[in-house]
Amino acid sequence: MVLKKEEPQDPAVAFRYPRVITYKHSLGYQSKFAHALKMGRIIATKCPVDGRCTVPPRIVCPMHHVRQTEWVDQGQRGKLISAFKINFPMFDSRTGDLKTWEYPIVAIELEGSARMDGWCAETDTSKLKTGMILEAIWRPPEERKGRVDDILYWKPVE
Amino acid sequence: MTPQIKKSVADIPEEPIVVEVQAYSNFLVTVGNTGNKFLTEIRDNKTLMGIKCPTCKKVYVPPRLHCPTCFAKMSEWVKLSGKGTLETFTVVRYAEPYMPKEPPYAYGVIKLDGASTGIVHLIGGVDLNKIKVGMKMEPVFKEQRVGSILDIEYFKPV
């Protein structure tokens, strides 16, 4: 929920400094990951040394510094590693608005062993237990953009 | 957790993707007590004020609360004539986002008489090809002023 408060209107006291920066960048190696997200799938690259998968995918393993080019599907479910909830108003870095945060953020280990985080649909943190199974809830296919937020949130599996 | 059957990733395209991203910021900047006095003097009295360090006697424009040289707290205000000498300048000939005006235009550092520092501002009222370092300058104020540094429309040669 966005919290609105009165702002001074006198520029000799305070002023707004709105800026929009448009930039383009090539996804390169991660283009396959973006295509998979549009298809409603999560894929990751797998380290040839220990078999761990990385999401978002990386072409070089961050632990062993070896090239990892094997792609592995991560499924649609994962188990909860940890969760936290912000219980005080905090600024949304995307909009600059001060808002309250109803939904917890969860870290999940996917079926293919990669770990990622996301929002959780369960607002009562007492119901979240490590090891519980969550599944990805996606945007409708026509709204997906090939970004990690194509996964709207994670929902506990009954 | 029952593992899902691993799907092949061969059907996922690898076509490179270039994304266009917009980053927004809308910061609220408070000018503080020192900045407030500086801007209200420009707005209400068309006067430029400096602030003097009690220790090293430097006069700063724009004013600040603590001397950057010796860190003394400053509170002695100095009324300046607004006139000064052009120390350096540049002529902008191409457009970029968030410029103060359409190019070509010039801006420079003007060392105000009685001040130890220069103030950066637009230069106008002169042929851009005839601007020279060392020119004596004076401010041109807008008719409608709001308490912004841009209440000074530009500095022009005396």
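How would you classify the range A:28-156 from its alpha-carbon gyration tensor, with a ≥ b ≥ c the square roots of the eigenvalues: rounded for a/c under 1.5, else prolate if a/b is greater than b/c, otherwise oblate? Prolate shape, in that a/c is at least 1.5 and a/b is the bigger ratio.
To the nearest 10, the accessible area of residue A:65 is 140 Å² with a 1.4 Å probe.
The three principal axes of the C-alpha atoms in the protein assembly as shown carry coordinate ranges of 81, 46, 38 Å, sorted with the longest axis first. Here the range B:1-97 yields Rg over Rh of 1.42, to two decimals, using C-alpha coordinates and the Kirkwood radius. Quick one: go through the range B:109-127 and flag any residue whose amide nitrogen is under 17 Å from the point 7 Å out along the Cα-to-Cβ line of residue B:85. Under 17 Å, as judged by backbone N against the label point of residue B:85, lie B:109-120 of the range B:109-127. Ligands, DNA and RNA left out, the 1.4 Å accessible surface of the protein assembly as shown is 53% carbon and sulfur atoms.
Size of the dipole of the range A:28-156 about the Cα centre, Lys and Arg at +1 and Asp and Glu at -1 on the beta carbon, nothing else charged, in debye to 20? Intermediate values should be presented prior to the final figure.
Details: 20 positive and 16 negative charges, 57 e Å.
For the range A:28-156, the charge dipole is close to 280 debye.
Among B:79, B:57, B:130, the largest mean-square fluctuation in a Gaussian network model of chain B (Cα springs under 10 Å) belongs to B:130. Surface analysis of the range A:4-158 yields an accessible area of 58 Å² per residue, using protein heavy atoms and a 1.4 Å probe.
What pairs in B:73/B:130; A:99/A:129; B:57/B:83; A:32/A:129; B:46/B:136 have C-alpha atoms more than 29 Å from each other?
On the way: B:73/B:130 41 Å; A:99/A:129 26 Å; B:57/B:83 20 Å; A:32/A:129 33 Å; B:46/B:136 19 Å.
Check vs 29 Å cut-off fails for B:73/B:130; A:32/A:129.
Largest accessible area first, the residues B:150, B:112 order themselves as B:150, B:112 under a 1.4 Å probe with ligands, DNA and RNA left out. Ranking B:150, B:56, B:133 by Cα position along the charge dipole of chain B, where only Lys, Arg, Asp and Glu carry charges on their C-beta atoms, puts B:56 farthest toward the positive end.
Each residue of the range A:6-21 is assigned a 3J(HN,Hα), and the resulting list reads 5, 10, x, 9, 8, x, 6, 10, 7, 8, 8, 9, x, 9, 10, 10 Hz, derived from the Karplus form 6.51 cos²θ - 1.76 cosθ + 1.60 (θ = phi - 60°), x at Gly and Pro. Accessible surface buried by the B/A pair amounts to about 3600 Å², both sides summed, 1.4 Å probe.
The residues of the range A:37-81 listed by number as losing at least 40 Å² of accessible area in the complex, against the isolated chain and with a 1.4 Å probe, are A:39, A:41, A:73.
The values are calculated or read from the model by the stated rules, or taken from the named source; none is laboratory data. These numbers come from a predicted model, not from an experiment. For neighbour counting, all protein chains shown are included, and Cβ atoms are generated from backbone atoms with ideal geometry for every residue, glycine included. Quick note on the areas: whole protein, heavy atoms, side chains included, nothing else; ligands and nucleic acids left out. Shrake-Rupley method; radii C 1.70, N 1.55, O 1.52, S 1.80 Å.
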